[in-house]
1. At a threshold of 8 angstrom on Cα-Cα distance, excluding pairs fewer than six apart, so keeping six or more, what relative contact order does region 267-395 reach in percent?
2. Need one number for region 493-602: average projected area of the convex hull over its C-alpha atoms, nm².
3. What's the FRET efficiency of Glu637 with Asn581 using the Cβ-Cβ distance as r and R₀ = 22 Å, to the nearest 0.05?
4. Project the alpha carbons of region 457-545 onto their principal axes and report the range along each, largest first, in whole Å.
5. Could you tell me the center-to-center distance, by alpha carbons, between region 369-434 and region 456-524 in angstrom?
6. 7 Å from Cα along Cα→Cβ at both Arg174 and Ala416: what's the point-to-point distance in nm?
7. Collect residues whose amide H, placed 1.01 Å from N in the peptide plane, falls under 5 Å from the amide H of Ile98; neighbours closer than 5 in sequence don't count.
8. Pull up the cross-link candidates among the lysines for Lys776, meaning alpha carbon to alpha carbon under 18 Å and not fewer than 8 places away within one chain.
Amino acid sequence: MTSLRLIIIFLTVCGLAACSGSLSRSQEDVTAAPGAPGDSATWSNAEKIAIGTSYEAYDADGAFSSASATAPISKVWFSLGKDRVTEVMWGLIHEAQIREIRFLLVGPEGIVAPTRVETVIHPVDVVRAEGVQMPRAPETGFRLHFSELARTVLVSAFADPDRDTLIVRTVAERGLPAGYDLVAYIDPALANTGSGDRARVISGGLHAFEGNAHLFARLEAGAEPQVSVGFVGVSDGLANLAIGRMSKSYRDTGDQSGNVAGTMKIMSSEGGGDQRKAILSIGFGASFEAAKRNADATIASGPQQQYQKYVQQWGQYLGALSGLKTLAAAAEDGGHLAYMSALNLKIMEDKTHAGALIASLSNPWGETAPADQPQTGYKAVWPRDFFQVASAFLAMGDADTARAAYRYLPTVQVTADTPGNAGVSGWFLQKTHVDGEIEWVAIQQDQTAMPIMLGWQLWQQGVLSDEDMATSYDQMLKPAADFLVHGGRPSILWNTEFEARLGYTQQERWEEQEGYSPSTVAAVISGLVAAADLAVAFGDPADAQSYLAAADQLEANLEAWMFTTSGTLGDGEYFVRITQNQDPNDKAQLGDNNGRPGLPEDQILDGGVLELVRYGVRSWDAPSVLSTVLELDRPREDNLRVRYEFGDGVIGWRRYGNDGYGEDGERGTNYHEIGGGNTPGQRGRVWPFFSGERAHYEIARLNGMIAAHGSEHPDVAIVRSSIRQLIKSMEAFANDGLALPEQVWDGVGPNPFEYELGEGTNSATPLAWTHAEYIKLLRSAADQRVWDRYPIVAKRYSERSQTQPSD
C-alpha cells in the first residue's frame, strides 16, 4: 500500500508532461531547508521480515563488558520491512534512532516503483534465492524487482560487531540503466522520537542529531555523494525526486528541530559507468565526532571483513546450542524455522543489561502510532513473555542466557526500594524498560508466579547451584510467594485502590480484566508448589506448608470458581475466560475489551484452560478440560469464534471470543488509528502461538493415551498426526524471512492492507513469545513430553489417585 500511495503522490505532483530530467547536481544550493517542523512523525510498520544485531558473548560474570570474548560490544539493532530498513536502535534496545531507510530508483520520469519485492536469506552470498536456506546469521535481505527495466536491486543489512555502526549493502545486479540513479532516503528518529531532530550535510555525509544521540551516514568510497536534508513532507526531497531532478538541495535544517529526513545518491549510471555495488555506513554516538568515528572506522576496517566476523560469531553461537539439532529434527520444515527462532530470540536481548529479554523489536501498528514522544512499544520487559523466552533458551541448550535472564529479574521486582513504592512488595512489575524504568504497574499474578517457576526449573536443570538458589529464594522468590499467598494493596503511580488476594488478579495474561482466570491460577498454583519445594530445600518448612495450603485451596476450587455449568455456548459446561467473583454461573458482565463492549462472562471462551494441563494441574482428560476444549473448537459467529482454519490443515486460534486487540473489523483501519483511541469495531485476530499451546495439550494427551493403551493403539497415531499438523501450522504462519508474528490475518472484515490469509498483520513481527513457543514445542515433540510440565505439580494434582491425601 505504501508503494501505491507513493505512485499516486508522484503522479499528482508532476503529471505526465512535467516529469523529465535525471537526478543531477542541484540547480540551486540552499543552506537551510524550509518547512519546519515537517509532517507529524510516526513509527514504522510492525510487520518485519527480519531483525538483526551482532552476536555478543558474556564475560565470566555473565555480563557484557570489555572482558567479553567478542568485545567491544556493539549496541546496534535493526529490522527490515518488506522493502526497506525499518527501525534501527542504538544504546538500549528500545532507543530508536532511525525510522526507516528506503531505496529509490530514480530515472528521467521520477521514482520507479518496484513491480515485485522478494525476501532473500543469505543475500550477501546468494545471487538468486533457491528456496529457503538454513539460517546461519541474521542476514536476511530483500530484492527489488523493476520488471519493465529488467533490473533488480538487492538490499541487505548487518551490524558491525566491533562498533556502533549499521552497514547497508546495495547491489544492482545488472547495473543501472542509463540515466538512472539509486537514492537512499534516510528518515531519522533520534533519541527515540521522530520529532525534535536536526540534520546537516557535512564531511561528505549526512549528520542527524537530537540531544546526545547522533548518527553519521557515509558511503564506502568514491566521489562525494549528493546529499540533501529537509523536513518530511515539505523539503525532504521526495517531491523533487518524483519529477526526476533535485531542483533544490538543502545542506542544513537550520536552528528549528522537527521531523527531518535526508536523501543520498548512492549509485549512479552517470558517465556511462557500470557501478553495481554501494556500501552505506551509518555510525552512532553521543556526539558528531563519535558517530563519524564509528562510520569511518567501519569503512577503514573493511565491511566485508566485518560481515565475515558477523556471520562467524553467530555461527559459533548456533553451533554451541546443544539442543538445536534435536529441535530441527523434530520440525516439519527441515529445521529452518528452528534456527531462525534461535537467532531471533537472542537478538531480542539488551546488551547493557544482560538477560533483559524484550517482547518484540517493534512498535505495534507503528505506521499510525505517533512518534512525537519516546515510547518502547513492545521493546520492553513483560515477566510473562520473559518467562516464555528464558524457558525456550533452556530448551534449546543456551543455559548461559537463561541464567542471565533469571539474574536480571530482581531489576523488575517491586521492593521497598522501588522508586515511588509505598505499598506491598514482592510482585513483579507489569512492564518496564530494560533498565528497570517503570512503565506500567498493574498487578498480574501470573507474572509474579512465573519467576518462581523459572527459578525452580533452572535449579532442577543444574543451571543454578544450590548456593545461588538459596540466596535467590531468600531475596526474590520467597517475597514473591508471600505476595501470592497474602496479597495486599499496592501504592505505586496510579495503582493504589486494588486489593490483591489469593488467585484474584488485577489483570490476567491479556492485561484487560480482573478476577479469577484459569491461565493465571494455573501459574499461581504451579509457582506456589515450586516455592514450597524450594522452601523445604532451604530450611523454610513453615512457609512451605503455607504455600502448599494456598495452592491446594486454589486447585480444589478451580471448577467451582471458574467452570460454568449453565453457559449459553454449546453444551453449557466449560471454563470461562475470567470471572470477577467466585460464581461462574451468574452471567456477570465483563469489562470492555480494547473498546469492544463487554459481554456476560459465560459467552467468552479462551485457551487458558490448556495451561492447567501444560503445568500439571489437571490431566488432559479431566472432564472439565475435555468439555472446554470441545467448546473452543466449535464453529460459531465470528465475534465469539476462537478456532479458524487456513487451508492445507493449518489451524489457529484467537485469544478469546469478543477480543478487541486488533484492526478495526468494520473500517479496516489499524488499531487506535481513528482518533488515537479504541473503537467498538476493533477485532483481535488469530495468534500463531496458540497452535503451539494446543500442540502441547496434544502431547500431554499422547502421553496419557500411551500410558493407558500402549503405543500401538490406533488413536495414538491420530494424535501423533495432530501434533505434526500443529507444528506445520506454526511454520506456515512464518513469513518469507522466517519471522513469526503476534497476529495473522484470519479473513474477517475489510482488508485494505491486502493481507494474505495467514499473513502477519501490523501488530508485531517477530514476536518473541511466538518463537519461544515454537522452540519449546519442538523440544516437547522431540522429548515426547511437555517441556513446561512441572512434575511436582502433576504429582500433587493431576497424577494422584482419589484416595491420596493432598499433602
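The values are calculated or read from the model by the stated rules, or taken from the named source; none is laboratory data. Here the structure is a predicted model, which is why all the values come from computation and not from measurement. Cβ sites come from the backbone with ideal geometry, for glycine too, and all protein chains shown count toward neighbours. Accessible surface is based on the protein model in full, side chains and every heavy atom, while ligands, DNA and RNA are left aside. Shrake-Rupley method; radii C 1.70, N 1.55, O 1.52, S 1.80 Å.
1. Taking the mean separation of contacting Cα pairs over the length of region 267-395, I get 12 percent.
2. Values: hull surface 34.0 nm².
Computing the convex hull of the Cα atoms and averaging its projections yields 8.5 nm².
3. Numbers: r = 27 Å, r/R0 = 1.24.
Result of the calculation: an efficiency of 0.20.
4. 38, 24, 24
5. Taking the Cα centre of each part, region 369-434 and region 456-524 sit 13 Å apart.
6. Placing both labels 7 Å beyond Cα along the Cβ direction yields 7.4 nm.
7. Sorted by chain and number, the residues that satisfy this are Val88, Ala189.
8. Filter leaves Lys325, Lys346, Lys728.
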